[in-house]
Amino acid sequence: MSTRVIRMKEDVAFRVARRVNEALTASVEQRTLQWMAARMPRWVSSDGLTVLGLGAQIGAGISYALARYNRWALLLVIACVVLNWFGDSMDGTLARVRCQQRPRYGFYVDHMVDVFGAVALMCGMACSGLVHWQVAITMLIAFLLLSCESYLATYTLSEFQLSQGMFGPTEIRLLLIVGNVALLRSPYSTIFGHRMLLFDRGVIATVGMLGIAVLLTVGHTTQLYREEPLP
């Protein structure tokens, strides 16, 4: 029985998905990460960077919760977002530069870390008092739906879409940093004479993510239907 299992594992062919990143900062970011990875000390590992990225995102969630009592905790959020970018973006780059890729392990761990990190971040934001918790939860749901679509498309189409149009993870982090700087000035904004919490504008992002998820689902379903016609 064990021999059969081993043979089955040996017969499994894993296809590495083609990575597609058309975000605004993609080109500059890639060159910067490769430059840093080539100069990274040997004691720094990809796994360590992944842990750093997750810890930083959890730290950002905790800092948001603390901002309910002291708005200067938003500076900690910004620091954590930068650390999250470094850990999350550098781990895969370092593995590729050192020729230490583990495609299945890396893909699985990296994206489960993203899911847990997103939950921690949005739960912290929901506790911050800087956004209505209903808005934070709907943003989290929309993000998870879009993530599920991306992961399933990667498996079925062998193409991993790192960005949606001009926006990728780095652009989202930059918007989050700008938003936090604005929150330090005031947690409110005025739209057409109506005063509302600044981060409640996240409803717009929620609608956008849900719309993209629906359009991608329809498009990919149509593509797969055509590529696998009934006999």
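Structural remarks
- Checklist (1) under 20 Å from the mean Cα position of the chain (by Cα); (2) within 21 Å of V119 (Cα to Cα) applied to R68, failing item: (1)
- Count of residues meeting criterion [open to solvent by less than 50 Å² (accessible area, probe 1.4 Å) and among the polar types (S, T, N, Q)] in region 88-109: 2
- Some residue of region 193-204 being over 15 Å from the mean Cα position of the chain (by Cα), more than 28 Å from C123 (Cβ to Cβ) and exposed (fewer than 14 other Cβ atoms within 10 Å of the Cβ): yes
- Residue list for region 148-187, filter: open to solvent by 50 Å² or more (accessible area, probe 1.4 Å) and in contact with a strand residue (DSSP E or B) (Cβ under 7 Å, 6 or more places away or on another chain): E159, Q161
- Criterion violated by N180 - all others in (1) over 19 Å from F107 (Cβ atoms); (2) modelled with pLDDT of 90 or more; (3) over 19 Å from the mean Cα position of the chain (by Cα) satisfied: (3)
- With a requirement of 2 or more residues that are surrounded by fewer than 17 Cβ atoms within 10 Å (Cβ to Cβ), modelled with pLDDT of 95 or more and at negative phi, the helices (runs of 4 or more DSSP H) lying completely within region 1-87 that satisfy it span 26-38, 46-66.
- Lone unmet requirement of (1) under 14 Å from R173 (Cβ atoms); (2) in contact (Cβ under 8 Å) with a residue 40 or more places away in the chain; (3) assigned to a helix (DSSP H, G or I) for D91: (1)
- Selection from region 122-139 of residues that are hydrophobic (A, V, I, L, M, F, W, C) and buried (at least 20 other Cβ atoms within 10 Å of the Cβ): M122, M125, A126, L130, V131, V135, A136, M139
- Criterion: touching a helix residue (DSSP H, G or I) at 6+ places or on another chain (Cβ under 6 Å), over 16 Å from G61 (Cα atoms) and hydroxyl-bearing (S, T, Y) - qualifying residue of S150, S128, S189, S163: S189
- Residue tally, condition surrounded by 17 or more Cβ atoms within 10 Å (Cβ to Cβ) and among the aliphatic types (A, V, I, L, M), over region 110-121: 4
- The strands (runs of 3 or more DSSP E) found entirely in region 120-231 that carry 1 or more residues being in contact (Cβ under 8 Å) with a residue 60 or more places away in the chain are 159-161, 194-197.
The values are calculated or read from the model by the stated rules, or taken from the named source; none is laboratory data. Because the structure is predicted, anything quoted here is derived from the model rather than measured. Ideal geometry is used to build each Cβ from the backbone, glycine not excepted, and the neighbour counts take in all protein chains shown. To get the accessible areas, we keep the full protein, side chains included, count just its heavy atoms, and leave off ligands, DNA and RNA. Shrake-Rupley method; radii C 1.70, N 1.55, O 1.52, S 1.80 Å.
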